[in-house]
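Remarks on the structure that follows.
The values are calculated or read from the model by the stated rules, or taken from the named source; none is laboratory data. Bear in mind the structure is a predicted one, so any value in this text is a computation, not a measurement. Cβ coordinates were reconstructed from backbone atoms using ideal geometry, including for glycine residues, and neighbour counts include every protein chain displayed.
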Amino acid sequence: MLRWRLAVGAIGLGALLAACNDAPPSPYIPTTPQPTPLQLAPQTLVLRTDQMTAYVRTQDSTVDAGTLADQENDQSLVATLQKEGIQVGARVSFSDPNQGGPPTPFATVISQVIIFRDAGGATAFVNDETKRRSVPPQGGTLSPLNGLPLGGADSIVGLAADTPAQSTDQPPSRALFALIRRGNIVAELLGGGPTSTATDANFTNLVTLQEQQLTSKPS
């Protein structure tokens with residue numbers, strides 16, 4: 001399995017939620033009582049359930065330096081992330097409901113957004129994270145995923161990992177990954193599923209939705 005923090009097997013933090021509330025959360029949360037300016041909440045920048053109507057939301061959790069280091073099994077990462085100015089993050093996961101209807105393009109979709117103190121720290125994180133994710137899966141291949149839309153973001157990195165079928169009754173699998181930065185905010189997006197449906201075009205649609213979330217915040 002590809003050694004990405006967002007890979008399916010690495011997800012297991014926080015309570016699992018089957019769905020979100022009908023009303024979307026407020027895009028701002030106060031960090032201290034008024035009149036201190038309000039801080040943008042990362043939970044409002046991940047993919048929303050109304051954007052992923054064919055899927056079931058299975059996870060909704062907060063992200064910080066400690067949780068990211070735990071998932072990498074590298075506690076030295078805490079100091080690195082703190083130096084880069086990590087503030088707060090959020091992650092949501094979506095899965096194919098597998099209820100007999102047409103399958104979704106991806107078996108699993110994961111959207112993670114992290115807010116940093118400034119754009120310099122976010123850029124440093126993107127550089128480090130790209131190196132961490134640039135490891136091919138065991139027995140498979142890793143290649144750049146070119147042609148992803150930039151939208152209103154400052155930068156985007158795409159990777160695609162292909163793994164042969166592990167048995168005669170399983171199809172080859174594909175995992176696509178995008179690392180998107182806008183200012184001091186970084187989004188990581190992963191979609192994994194059978195090669196036949198986990199295509200560049202289907203993933204590009206998800207990237208467009210994620211970029212819409214990032215650019216919906218006030219400048």
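Quick notes on this one:
- Within the range 148-184, considering residues that are part of a strand (DSSP E or B) and either farther than 22 Å from ALA122 by Cβ or of a type in the set (Ser, Thr, Tyr) (or both), the one farthest from the chain's Cα centre (by Cα): THR163
- Residues of the range 74-90 include at least one that is among the hydroxyl-bearing types (Ser, Thr, Tyr) and assigned to a helix (DSSP H, G or I).
- Residue under evaluation ARG117, criteria (1) among the charged types (D, E, K, R); (2) more than 15 Å from GLY89 (Cβ to Cβ); (3) surrounded by fewer than 20 Cβ atoms within 10 Å (Cβ to Cβ), criterion not met: (2)
Residue-by-condition table, conditions (1) over 17 Å from SER93 (Cβ atoms); (2) without any contact (Cβ under 8 Å) to a residue 24 or more places away in the chain; (3) among the β-branched types (Val, Ile, Thr):
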site	(1), (2), (3)
LEU179	yes, no, no
ALA187	no, no, no
PRO194	yes, no, no
ALA201	yes, yes, no
LEU206	no, no, no
GLN210	no, no, no
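- Of all positions in the range 27-34, none carries a residue that is within 17 Å of GLU188 (Cα to Cα) and either modelled with pLDDT of 90 or more or assigned to a loop (DSSP other than H, G, I, E, B) (or both).
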